[in-house]
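Notes to accompany the following structure.
The values are calculated or read from the model by the stated rules, or taken from the named source; none is laboratory data. Source: prediction; values computed, not measured. A quick note on method: Cβ atoms are made from the backbone with ideal geometry, for glycine too, and the neighbour counts reach across all protein chains shown.
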Amino acid sequence: MPGIRVALRGIIPCRPTTSWSVLVICYVALLTSFTMPFSLRLLKLLLGSSLLVSWMPTWAQSPRVTALSPARNTVSVPRTSPVTVTFSLPMQTATASAQGIRLFSTQRGGLLPGTYSGAGSSTVSFLPTQAYQAGERVQLTVLRTAQSLSGVVLEKPQVVEFRAAAAPGPGVFTAGMDIPIPSATANEVQATDVDGDQDLDLLTYDPNGSANYVLVKLNDGQGNFSGSTTIPTGPYPNSLAVGDLDGDGDIDFLTGNDGPLGSPSRATISIRLNDGVGHFLPPAVGAEVGVASGPRELALADFDGDGDLDLLTTSVTNAPSNPSRNSVCFLENDGQGHFTRRADQPIGGRGGDLAVADIDGDGDLDFLVSESLALDVYQVAVLVNNGMASFSPHPTHPIVSAATNSPAIAFSAPNLADIDGDGDVDLIIPIEYNAAVAICLNDGTGFFGNATTIAGTVDQSVFDVADMNGDGMLDLLMGNYPGSTVTVCLNTGGGVFRMTAPAFTTQLPRVLRAADLDQDGDLDMVAVSTRQVIAVRLNQGQALPVRPARGFATANPLTLSPNPARTTTLTGALAGATVHIFDALGRQVHTSITDTQGHVKLVLPVELPAGIYVVRCGIHAIRLVAE
């Protein structure tokens with residue numbers, strides 16, 4: 001309509017990459033100064049002009065992570081592998097540094113040093129200076145502050161977890177030692193390198209309240225432990241977690257403390273920082289952080305994509321009359337080991353066992369928590385992350401219920417791991433009182449299907465998940481409490497398990513952990529017993545003895561002759577089967593195919609040093625000694 005002026009109001013969010021944005025501003029000013037018909041004629045003229053097309057700016061896009069290597073949730077990454085991140089756009093030079101990509105070890109030094117490459121390109125790699133520990137969980141963060149060459153920040157940070165490979169082990173846990181500890185009620189042990197000598201030490205705590213400390217036992221590198229260093233904590237510690245809290249390249253720890261008896265409001269988190277050689281001190285500020293009552297479980301991870309380890313803790317009261325005090329608390333790390341309590345997420349009823357992983361496959365870390373709603377009424381709540389440590393119930397499948405998904409009447413201590421090899425994390429739940437473990441497979445979106453159960457495995461929630469025979473699949477470690485046996489349940493592929501004979505005995509095991517304690521590349525076991533000992537059992541001897549099962553042989557059919565040798569003949573395999581040879585670091589060094597008789601001649605490459613190698617075919621393995 002003639003004589004009507006056009007007024008543009010509001011903001012259009014865009015980011016021009018050229019100075020021609022000035023032209024746009026001038027043109028908008030012209031539009032607001034002329035009547036409508038003239039403005040439309042001018043716009044039509046300019047849109048038809050090649051001059052305007054050539055002047056139009058290119059609006060910058062936010063870079064995205066398009067590929068990761070290793071892929072998220074990989075369970076058997078070679079221990080000397082780099083990590084590689086591919087972006088949708090070339091990135092600034094700083095992305096190829098700790099300002100863009102960080103890698104955290106849970107057992108070897110925390111924030112890992114190494115060499116970056118690919119500065120200024122769309123593909124950035126990082127090679128750690130030292131190999132990962134066998135079987136350890138490693139966390140990769142692509143920081144939210146990473147920028148493209150045009151200065152646009154990453155569309156979304158990525159936090160990815162994977163596991164380092166373990167070498168094929170014989171699977172007999174005979175050698176080892178029993179370490180006396182002062183408490184019969186300790187329910188945690190952590191294996192990690194606290195003194196920087198590249199072997200795994202042990203940390204546990206005394207929860208009785210009279211001592212209030214964490215106990216450190218140092219490893220000599222062969223799985224022998226000595227010393228009794230004690231580090232004071234807050235009153236009545238009942239949970240323990242380890243990690244590099246201040247990003248200085250060593251392992252720190254924190255404990256969750258119930259506080260003085262009768263004073264649940266004085267529950268705290270104790271933070272103790274390592275000086276690099278195993279001496280732990282409280283920070284000058286923020287050594288004790290207040291939380292709600294009863295911090296039962298602690299989980300350290302980068303929940304907000306800023307490149308440091310934050311904390312989730314469950315706070316649980318034992319008073320059924322006050323269920324409102326049951327919650328999951330998020331504490332944000334400032335990168336220096338100072339934690340600020342940000343938000344509490346209420347949980348239903350009592351419970352409080354946490355498991356953390358990328359449940360829905362969107363590149364951030366979610367969690368699930370067990371909940372006890374009433375006597376023998378249990379469930380697992382699934383909460384997903386928006387990438388900035390804001391958690392909400394899964395939009396379509398917020399609950400995994402024991403009532404509908406398994407024959408269980410109670411469960412606790414859920415675990416998340418990729419047990420069927422499809423790249424997402426599945427749910428493993430030990431069933432209390434029913435002597436069974438329930439397995440719920442993930443469809444990749446965070447929906448856990450109906451459970452299958454492994455019967456006759458465990459009476460209580462005493463278990464761990466690890467690759468005990470080095471075949472690249474995660475197995476289950478089962479402790480029989482209140483019995484005395486520890487059993488390995490082998491993964492035969494696709495999340496299908498079968499029992500082995502008991503691996504070792506220790507009275508009343510409360511906690512089980514798998515770790516390479518003697519530095520030979522395979523995974524050993526450590527168990528905390530109510531008999532006031534930590535039982536250390538090393539993975540040595542012959543191959544895992546398999547309990548008789550329909551359709552499976554009970555003995556290892558593989559033979560090598562001669563052995564020791566560098567050239568030998570394998571017999572006893574299936575025809576046309578692939579044979580793999582691994583070194584002590586779990587790296588594949590040679591492959592061959594058996595003939596129609598199931599035989600193959602193996603010749604070790606001349607560049608391989610003398611030592612012990614593992615020959616694997618299918619589910620069977622045998623050691624080869626190369627002279």
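In this structure, does Arg72 turn out to be among the basic types (Lys, Arg), outside the structural domain of Asp518 (by the TED database) and out of contact with any Gly (no Cβ under 6 Å at 6 or more places or on another chain)?
Details: among the basic types (Lys, Arg): yes; outside the structural domain of Asp518 (by the TED database): yes; out of contact with any Gly (no Cβ under 6 Å at 6 or more places or on another chain): yes.
Yes; evaluated as a whole, the condition is true for this residue.
Pairs needed: first member in segment 279-290, at positive phi; second member anywhere, modelled with pLDDT of 95 or more; C-beta distance under 6 Å; at least 6 residues apart or different chains.
Partner pairs satisfying both residue conditions: Gly286/His338.
Given (1) under 28 Å from Asp258 (Cβ atoms); (2) outside any loop (DSSP other than H, G, I, E, B); (3) at pLDDT below 95, where does Val400 come up short, assuming only one miss?
For Val400, the failing item is (1).
For every residue, the table says whether it meets (1) farther than 18 Å from Asp250 by Cβ; (2) over 27 Å from the mean Cα position of the chain (by Cα); (3) buried (at least 21 other Cβ atoms within 10 Å of the Cβ); (4) hydroxyl-bearing (Ser, Thr, Tyr).
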position: Gln190; (1), (2), (3), (4): no, no, yes, no
position: Gly196; (1), (2), (3), (4): no, no, no, no
position: Leu203; (1), (2), (3), (4): no, no, yes, no
position: Thr229; (1), (2), (3), (4): no, yes, no, yes
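Being among the small types (Gly, Ala, Ser), surrounded by 14 or more Cβ atoms within 10 Å (Cβ to Cβ) and modelled with pLDDT of 90 or more narrows it down to one of Ala535, Ala543, Ala584, Ala626, so name that one.
Details: Ala543 fails: modelled with pLDDT of 90 or more; Ala584 fails: modelled with pLDDT of 90 or more; Ala626 fails: modelled with pLDDT of 90 or more.
Result of the check over Ala535, Ala543, Ala584, Ala626: Ala535.
Filter segment 475-528 down to residues that are under 17 Å from Ala438 (Cβ atoms) and among the small types (Gly, Ala, Ser) and give me whichever is nearest to the chain's Cα centre (by Cα).
Among residues in segment 475-528 that are under 17 Å from Ala438 (Cβ atoms) and among the small types (Gly, Ala, Ser), the one nearest to the chain's Cα centre (by Cα) is Gly495.
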